[in-house]
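Heads up, the thing below is written out as structure tokens.
The values are calculated or read from the model by the stated rules, or taken from the named source; none is laboratory data. Computed from a prediction, not measured in an experiment: that's the story for all the values here. Note that we place each Cβ from the backbone using ideal geometry, even for glycine, and neighbour counts take in every protein chain shown.
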Amino acid sequence: MSGRVLVTGASGFVGAALVAALVRAGKRVKAATRGPEARLFQGDVEVAAVPDFQGTVDWKPALAGVDTVVHLAGIAHVGLKLDPAVYDRVIHATTADLARACAQAGVRRLVFLSSVRAQSGAAAAHVLREDDAPHPAETYGRAKLKAEAAVRSGATPWTILRPAMAYGPGVKGNLASLLRIADTPWPLPFASFKNLRSLVSLENLIAAIMFALDSDAAVNELYLVADPKPATLAEIVAALRQGLGRPPRLYPVPPALFATVLTALGHADVWERLGGSLVVDPAKLIAAGWRPDADTKAGLARMAAATLRARATDSRALR
């Protein structure tokens with residue numbers, strides 16, 4: 001019988017969904033988490049405890065009996081106020097340690113979940129493709145790019161994925177904030193926001209990881225990962241409101257007014273995320289054989305509806 005798939009960050013937003021998908025596909029999984037008792041995994045899942053990544057990690061116990069590795073663990077969000085050395089240790093150095101340990105253990109495939117932010121800032125003036133020179137704009141993206149270099153330089157066959165912002169039930173970060181904004185009865189001033197943003201559904205991202213694990217075409221390749229069609233900010237908010245059972249109720253306010261106010265308040269970075277465009281072309285991954293669901297707006301509505309159902313379930317449980 002083949003060895004297990006080691007998933008680092010197995011209790012996270014992407015990791016938990018990936019472990020479940022691998023089990024459904026009949027894979028034997030080893031789930032590496034910092035708190036193995038915090039999550040009960042279903043199916044043929046062995047749990048491996050790993051320490052905090054702010055120190056050197058001994059990966060040998062986790063890699064015992066492992067055939068392939070998906071490395072998801074690390075700092076998940078951009079914009080956290082952390083020392084650059086923490087980003088470098090947790091994202092870059094830990095990945096480099098893992099790549100070396102994979103080579104020593106004879107692992108046959110290492111899939112590394114990087115980020116589109118290793119290639120670009122929060123906005124880009126052109127459609128992003130894999131052959132663009134990377135220009136990360138913040139410490140998070142630079143650490144991811146260095147981690148990619150460590151994976152590339154190792155002896156283990158690799159695949160690197162640079163996903164756009166992922167969405168799905170349980171999402172955190174900027175999309176969770178936008179979901180909270182959408183979940184209000186008040187009109188929202190986003191009708192004039194025609195800037196395009198690429199997103200990737202959790203299902204599409206899991207499918208990309210599974211493809212990278214099993215496809216010979218993916219060996220030693222880097223792929224951008226996004227739903228095939230971007231959406232405007234107005235469309236994103238309207239889709240979230242649809243899933244929440246609310247009418248769109250968007251009214252026009254000139255985006256330039258937002259830019260002026262936010263910049264004057266020292267939040268130019270917020271404006272870049274809110275009003276800038278970031279379009280990712282996933283054509284290379286699709287040409288290799290990945291088959292994503294194309295409807296971002298429907299996916300966002302499903303996510304919002306699932307959030308609403310989970311909230312209702314939690315409310316009943318507290319009664």
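Odds and ends about this structure:
- Taken over segment 9-30, the criterion of being in contact with a strand residue (DSSP E or B) (Cβ under 6 Å, 6 or more places away or on another chain), touching a residue at least 24 places away in the same chain (Cβ under 8 Å) and farther than 23 Å from A176 by Cα is satisfied by L22, R28, V29, K30.
- Residue within segment 164-178 that is among the β-branched types (V, I, T), touching a helix residue (DSSP H, G or I) at 6+ places or on another chain (Cβ under 9 Å), at pLDDT below 95 and assigned to a loop (DSSP other than H, G, I, E, B) present: yes
- Failed criterion for S315 (all others in (1) assigned to a helix (DSSP H, G or I); (2) modelled with pLDDT of 85 or more; (3) of a type outside the set (K, R); (4) over 27 Å from the mean Cα position of the chain (by Cα) hold): (2)
Residue-wise test of (1) among the hydroxyl-bearing types (S, T, Y); (2) in contact with a helix residue (DSSP H, G or I) (Cβ under 7 Å, 6 or more places away or on another chain).
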{"site": "G243", "(1), (2)": "no, yes"}
{"site": "T260", "(1), (2)": "yes, no"}
{"site": "H267", "(1), (2)": "no, no"}
{"site": "L274", "(1), (2)": "no, yes"}
{"site": "K284", "(1), (2)": "no, no"}
{"site": "A287", "(1), (2)": "no, no"}
{"site": "M303", "(1), (2)": "no, yes"}
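- The one condition in (1) crowded, with 21+ Cβ neighbours inside 10 Å; (2) at pLDDT 95 or above that F190 fails to fulfil: (2)
Residue by residue, here is whether (1) more than 22 Å from P255 (Cβ to Cβ); (2) touching a Pro at 6+ places or on another chain (Cβ under 8 Å); (3) not β-branched (V, I, T) holds:
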{"site": "L178", "(1), (2), (3)": "no, no, yes"}
{"site": "P185", "(1), (2), (3)": "yes, no, yes"}
{"site": "S192", "(1), (2), (3)": "no, yes, yes"}
{"site": "A212", "(1), (2), (3)": "yes, no, yes"}
{"site": "E221", "(1), (2), (3)": "yes, no, yes"}
{"site": "A231", "(1), (2), (3)": "no, no, yes"}
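- Members of segment 206-222 found to be in contact (Cβ under 8 Å) with a residue 24 or more places away in the chain, farther than 24 Å from G168 by Cα and surrounded by fewer than 20 Cβ atoms within 10 Å (Cβ to Cβ), listed by number: S215, A217, V219, N220, E221
- Filtered residue count, segment 97-112, keeping only those that are part of a strand (DSSP E or B), under 8 Å from T156 (Cα atoms) and free of Cβ contacts under 8 Å to residues at least 60 places away in the same chain: 1
- Apart from one condition, A21 fits all of (1) farther than 21 Å from G173 by Cβ; (2) outside any loop (DSSP other than H, G, I, E, B); (3) at pLDDT below 95; the exception is (3).
- Inside segment 158-171, residues that are within 26 Å of D281 (Cβ to Cβ) and either surrounded by fewer than 16 Cβ atoms within 10 Å (Cβ to Cβ) or within 12 Å of the chain's Cα centre (by Cα) (or both) make up a count of 9.
- Helices (runs of 4 or more DSSP H) fully within segment 191-270 counting 1 or more residues that are aromatic (F, W, Y): 202-214, 255-264
- Single residue of segment 60-79 satisfying the filter (assigned to a loop (DSSP other than H, G, I, E, B) and under 19 Å from K144 (Cβ atoms)) that is modelled with the lowest pLDDT: G79
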